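Below is one structure, written out as structure tokens; comments come after it.
The values are calculated or read from the model by the stated rules, or taken from the named source; none is laboratory data. Note that the structure is a prediction, hence the values are computed from the model and not measured. For the accessible areas, the whole protein counts, side chains as well, though only heavy atoms, and no ligand, DNA or RNA atoms are used. Shrake-Rupley method; radii C 1.70, N 1.55, O 1.52, S 1.80 Å.
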Amino acid sequence: MATLLLALAVASTGLYAGFMLIFQTGIMPALGRLDDGAFVDAMRRINEYVPKPLFVLVFLGVVAFPVAAFFVPVDGRSDTQKWLVLAGLVCAVLNHLVTLGGNIPLNNALAASERTDELPSAVRGAFEKRWNSFHLIRTVLITASFGLLIAAALN
């Protein structure tokens, strides 16, 4: 059971890290080349579409599976493996805190701006740089989590 939980932790974290990395290296740079109106509209549509059930399952699994892998007793588990799983979990939790405290409020403000007559340039100015900064932090955190969980699985 512990091996399965650790494998699910690695898989969910790897999927989520890949998603974050694609946004960091491909999607946001591409959207950054759009004019203000197109950028704002594209981000609004992405933010409406992404939080669907499969995404939410992976998002929650990034924390739930490492928690389970850490707490399920394992005969012969090394202290190193235990601490690697815990470190991976801490990075995943920090990633989620950045998401919940940084990116999601910005996404909500972006959505709310659709009901105003605020210029797209002002909306983008209040959103893009801050969102990208938070996203870089969470990408580094979840990539570190993934690496730590892989190290735990190989230990």
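From the backbone phi of the range 16-24, what are the Karplus-calculated ³J(HN,Hα) couplings (6.51 cos²θ - 1.76 cosθ + 1.60, θ = phi - 60°) in whole Hz, Gly and Pro given as x?
5, 4, x, 4, 4, 5, 5, 4, 5
Considering only protein heavy atoms and a probe of 1.4 Å, how much of the accessible area of the range 8-120 is carbon and sulfur, as a whole percent? Write down the numbers at each step before the final one.
Numbers: 4320 of 6200 Å².
Result for the range 8-120: 70 percent of the exposed heavy-atom area is carbon or sulfur.
Could you list log10 I(q)/I(0) for the range 1-80 at q = 0.15, 0.16, 0.19 Å⁻¹, which the Debye formula gives when each Cα is one point scatterer?
-0.66, -0.71, -0.85
What angle, in degrees between 0 and 90 and rounded to the nearest 10, separates the Cα long axis of helix 79-98 from the longest principal axis of the Cα atoms of the chain?
20 degrees
If you average the alpha carbon positions of the range 3-75 and of the range 82-155, how far apart do those two centres end up, in angstrom?
9 Å
Any idea of TRP83's accessible area? Nearest 10 Å², probe 1.4 Å.
140 Å²
Helix 53-71 versus the longest principal axis of the chain: what is the Cα-based angle in degrees, 0 to 90, to the nearest 10?
With rounding to tens, the tilt is 30 degrees.
Keeping all protein chains in position, work out how much accessible area ILE137 exposes to a 1.4 Å probe, and write it in Å² to the nearest 10.
90 Å²
Return the label of the correct value of semi-axes √(5λ) of the Cα gyration tensor in Å, as calculated from the structure shown, out of (1) 24, 18, 15; (2) 28, 22, 15; (3) 36, 13, 12.
From the options (1) 24, 18, 15; (2) 28, 22, 15; (3) 36, 13, 12, the structure gives (3).
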